[in-house]
Amino acid sequence: MHSPTTPPLPQNAHPSLLRQWAFRVVLPLACSVCVAFGLLFLAATGVPNLLASDGGVVVLWTCGALMVAALALVLAISWAVAQRIVRPLDELSVAIEQLGHGETVQLQPQGGGALARLQQGVNEASRQLSQTRNRMQTELGRTSVELADKNARLEAASLARARLLAAASHDLRQPLYALTLFSSTLRAGETDPDKRTRMLHIEECVASLDQLFSELLDLSRLEAGSMRAVPTDVRLDDVFDEVSRNFRMLAESRGLRLVVRKTDAWVHGDRTMLARILNNLVSNALRYTEEGGVLVGVRRHAGGKVRIDVCDTGCGIAPEHQHRVFEEFYQVKQGRDRTGERKRGLGLGLATVQKLAEMNGCTVRLTSRVGRGTRVSVVIEASTTGGHDAMDCADLPLDISGIRVLAIDDEPSILDGLRTLLLEWGCEIRVASDAAEAIARLGDWQQPPDLVISDLHLQDGNTGPEVLQAIARHYGQAPDAPKFARLLVTGETRPDIIDAITATGIPVLFKPVAPPRLREAMLASVLATRSRNDS
């Protein structure tokens, strides 16, 4: 690394010295000589007949000449002194200013006195500063390279972690999705109380696995950046009904009460994220509550805010843990009597809530007392558009019996589970594993199915959207806007693929899909398509 080039000293140093010498030495001495000669002349005029004689005039002019000679001698000596002392001092002051600006200077020592030692000291200081600066720049460059390398490694590790979570959650959720479908179907057709109780325990374990994988999927999607908030006007009562349906059976099986208070409040935010936040909070509250229950309610705040409270009568959280429960994988250690569901979990529920709330523009607050329970509040913007009047209607029925459904998936167990579950719901269903088989299954259906449910990734590199387009072409319809309803089901988390799916406008569900959520999505998709076709 090269040191900076030594800058030349200012070219106006000598004129500046000349001006200083002229004003500070020449002018005062000349004035002094003039005054002295004037005084001498006045004194001579006071002596009788002094100026009248030739000798007196000669003496007077001789004195004047001596004064002028003395003045010239003093000026010569002062100029020599200025050249030897004042000018080097001026150069030293300029050099020190340059050192203060980080520049390198090099003075030429004159003589061997104190001034020369001072000049040599300035040169040495400049050399040491230059070396120190070069060394610091070298260290800074090395440190920057090391930091860049460590940052690249951290980014690679974070990306690898996100990919591992995404791959693990995708591969493991395939059989879990099939297990969810089969467990729900088994209980629906069973009348024996003992067997129904055992099946309820199975469904509880499946729900716990679903919760764990959902937390992993949410984390991987958040870290991959594939989740983006899409704010809309949301009726809270609809979200509350979904939460109630998801957890009421679980609460009753544990002897707990789940109270979800009705509300007419509307908020502005991403409905999917808000539902996920409340589902996580209620699930967490039920997990750590042994007696009493969980209450979900709403309070209106000043400034156009709505506060959603999830309160429980559980074990509570000690003050030293309250600021850490929103960290990833952090769990408060429970006593040995905590068993079953209370021991399950990865410590991701509240961490996911915090991240989803930040993306959704919400604020999360926690208050808790050990042995008395916990309250987690979500503060969100209230809706101000008034658009809810147009949507203010009774809840849609969840009866989907009679609709014709084509299910496409390359996993046989999932197809079997879907066939069994949808037959239980009264649907007419056909299943296929790829596009060719799907077209063959539709051979005797003169009209397209009411709904096509497809996995995203199929055999031989085919995708769900491609199969949906092939079915639309089979019926002579527009590939990108067919007259039948469509649903994509996937465990994919990569942001580029999620963005591509979103661009198609096809509703997406992420595996494993709970049966109530699947039924809601099927009905909503069919009704939306029929409404679009009728308009």
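When restricted to residues that are modelled with pLDDT of 90 or more and either in a helix (DSSP H, G or I) or acidic (Asp, Glu) (or both), region 403-414 contains 1. Do you know which of the residues in region 415-449 that are of a type in the set (Gly, Ala, Ser) and under 18 Å from residue 516 (Cα atoms) is modelled with the lowest pLDDT? Among those residues, the one meeting the criterion is 417.
Counting the residues of region 287-329 that are assigned to a helix (DSSP H, G or I) and either surrounded by fewer than 21 Cβ atoms within 10 Å (Cβ to Cβ) or modelled with pLDDT of 90 or more (or both) gives 4.
For the structure I just gave you, tell me whether residue 148 is loosely packed, with under 12 Cβ neighbours inside 10 Å, at pLDDT 80 or above and of a type in the set (A, V, I, L, M, F, W, C). Judged against the criteria, residue 148 is a match.
Evaluate the following for residue 478: is it in contact with a strand residue (DSSP E or B) (Cβ under 8 Å, 6 or more places away or on another chain) and either crowded, with 21+ Cβ neighbours inside 10 Å or over 20 Å from residue 409 (Cα atoms) (or both)? So residue 478 fails the test.
Table: residues versus (1) buried (at least 20 other Cβ atoms within 10 Å of the Cβ); (2) acidic (Asp, Glu); (3) modelled with pLDDT of 70 or more.
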{"position": "173", "(1), (2), (3)": "yes, no, no"}
{"position": "184", "(1), (2), (3)": "yes, no, yes"}
{"position": "198", "(1), (2), (3)": "no, no, yes"}
{"position": "205", "(1), (2), (3)": "no, no, yes"}
{"position": "211", "(1), (2), (3)": "yes, no, no"}
{"position": "230", "(1), (2), (3)": "no, no, yes"}
{"position": "233", "(1), (2), (3)": "no, yes, yes"}
{"position": "241", "(1), (2), (3)": "no, yes, yes"}
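Candidates 259, 267: the one that is over 22 Å from residue 351 (Cα atoms), out of contact with any Asp or Glu (no Cβ under 8 Å at 6 or more places or on another chain) and at pLDDT 80 or above is 259.
Of the candidates 523, 527, the single residue that is over 26 Å from residue 462 (Cβ atoms), surrounded by fewer than 16 Cβ atoms within 10 Å (Cβ to Cβ) and of a type in the set (A, V, I, L, M, F, W, C) is 527. Is it the case, given these coordinates, that residue 429 is at negative phi and in a helix (DSSP H, G or I)? So residue 429 fails the test.
Considering region 243-283, and only residues there that are over 27 Å from residue 303 (Cβ atoms) and among the aliphatic types (A, V, I, L, M), the residue that is surrounded by the most Cβ atoms within 10 Å (Cβ to Cβ) turns out to be 258.
The values are calculated or read from the model by the stated rules, or taken from the named source; none is laboratory data. Computed from a predicted structure; not experimentally measured. A quick note on method: Cβ atoms are made from the backbone with ideal geometry, for glycine too, and the neighbour counts reach across all protein chains shown.
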